[in-house]
Amino acid sequence: MTKSVNSIIAQYFEMIEEKFSSKDTIRAYRTDLHFWFDGVKTLRSEGLNSKIALLADLAPASRSRRISTLRSFINWGIEQKLITEEFKGFLVSVRVPRRLPHFLSADEALLVLKTARDDQERLMVLLMYGSGLR
């Protein structure tokens, strides 16, 4: 591989900008790749190993997204023959714990029911609460 990290990332973003129309998605990819490759001159797995320890400070969802972004970049680079196969299987996924939704207790539901202005609103509250809708 003779290309610099920055030129490979630039090529990757040409593909990303064609694939995604959301500016927020593109910005998230840029932030994530900046995290991984800031200060990295050559694309070697040893350079990325030092960054893995920094993931511990992030929330599970952010950690998972950063790993996913890097995996996507590496897979694309290998497919384009811009990155060597040494990176294949470099990262493992992080399981993001699911949060249980907050639900109203019976007392809270009765309080909401009391604030209903008419029968139609009361019926809607009873329907949503009784069927478990959030």
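The values are calculated or read from the model by the stated rules, or taken from the named source; none is laboratory data. Since we're looking at a predicted model, the values are computed, not measured. Glycine gets a Cβ as well: all are built from the backbone with ideal geometry, and neighbour counts include every protein chain shown. Ligands, DNA and RNA are stripped out before the accessible areas are found, and what is left, the full protein with its side chains, is counted by its heavy atoms. Shrake-Rupley method; radii C 1.70, N 1.55, O 1.52, S 1.80 Å.
Pairing residues of the stretch 47-61 that are more than 17 Å from Glu86 (Cα to Cα) with residues that are open to solvent by 70 Å² or more (accessible area, probe 1.4 Å) and at pLDDT below 80, at Cβ distances under 8 Å and at least 6 apart in sequence or on separate chains, gives Pro60/Arg95; Pro60/Pro97.
Exactly one of (1) in a helix (DSSP H, G or I); (2) surrounded by fewer than 11 Cβ atoms within 10 Å (Cβ to Cβ); (3) modelled with pLDDT of 85 or more is unmet by Ser50. Its number? Exception for Ser50: condition (3).
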